[in-house]
1. If you put +1 on each Lys and Arg Cβ and -1 on each Asp and Glu Cβ, how big is the dipole of the chain around its Cα centre, in Debye rounded to 20?
2. If you wrap a convex hull around the C-alpha atoms of region 1-111 and split its volume per residue, what is the figure in Å³?
3. Counting only protein heavy atoms and a 1.4 Å probe, tell me what percentage of the chain's accessible area is made up of carbon and sulfur.
4. With springs only between Cα atoms under 10 Å apart, run a GNM on the chain and tell me which of Asp129, Asp80, Asp121 wobbles the most.
5. Give a quick list of chymotrypsin sites (Phe, Trp or Tyr not before Pro) in region 57-119 that DSSP marks as loop, anything other than H, G, I, E or B, with at most 11 other Cβ atoms within 10 Å.
6. How far, in degrees from 0 to 90, does helix 140-153 lean away from the longest principal axis of the Cα atoms of the chain, to the nearest 10?
7. Stretch Ser136-Leu108 to full length: gain in nm at 0.36 nm per residue minus the Cα-Cα span?
8. For the chain, report the accessible area per residue in Å² (1.4 Å probe, heavy atoms, rounded to an integer).
Amino acid sequence: MKRSKTMELGVGLFMLAGILGLLFLGMRVSGMAFTVPGDTFRLEANFANIGSLKPRARVTMAGVTVGRVTAIELDTDWYDARVVLELDGELEGQLARDTTAAILTAGLLGEQYIGLTVGGDPETLADGDTIRDTQSAMVLEELIQQFVSNMVSD
């Protein structure tokens, strides 16, 4: 009797550890990992078209994830999409003022993310600054529509 209760307790602890492991893995894969609030800084970028970019999308430099998109809203002054980026604190004071931000797609139909390319300006971006040089998303539907309309008109 004593042995079976010990066995049940062991199995229960094993199951609890497995569930916690799956929960942790799910959080990491979905990008909801816990971060320390003080080690990031914020930049903004305006795009004419963001395609299907979503909050929590990756921000990369040279293929390495260096941050996340935290918010997307409409800029009512210019009627563009204002995208707020949260970047690793190590990059603060490292990004040139002429850094470019482009909305890229992982594969043909994959997720959209923002790719940063550093320029050569000696002045750097600070917390809260805006990236001026941006490239909007290429929307597959618009490209197909242009191709079809060109084929019909020829």
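1. The calculated dipole for the chain is roughly 1380 debye.
2. Numbers: hull volume 19.1 nm³, N = 111.
Spelled out: Cα convex hull of region 1-111, divided by residues, is 172 Å³.
3. Details: 6450 of 10730 Å².
The C+S portion of the solvent-accessible surface of the chain is 60 percent.
4. Result: Asp121 has the largest fluctuation of those listed.
5. On the way: sites: Trp78, Tyr79, Tyr113; in loops: Trp78, Tyr79.
Taking region 57-119 and a limit of 11 other Cβ atoms within 10 Å, the loop chymotrypsin sites (Phe, Trp or Tyr not before Pro) found are Trp78, Tyr79.
6. The helix 140-153 is inclined about 40 degrees to the chain.
7. Contour length minus the Cα-Cα distance gives 8.4 nm.
8. Details: 10730 Å² over 154 residues.
On a per-residue basis, 70 Å².
The values are calculated or read from the model by the stated rules, or taken from the named source; none is laboratory data. These numbers come from a predicted model, not from an experiment. Please note: Cβ atoms are built from the backbone with ideal geometry, for glycine as well, and neighbour counts cover all protein chains shown. Keep in mind that these areas ignore ligands, DNA and RNA; they rest on the heavy atoms of the full protein, side chains included. Shrake-Rupley method; radii C 1.70, N 1.55, O 1.52, S 1.80 Å.
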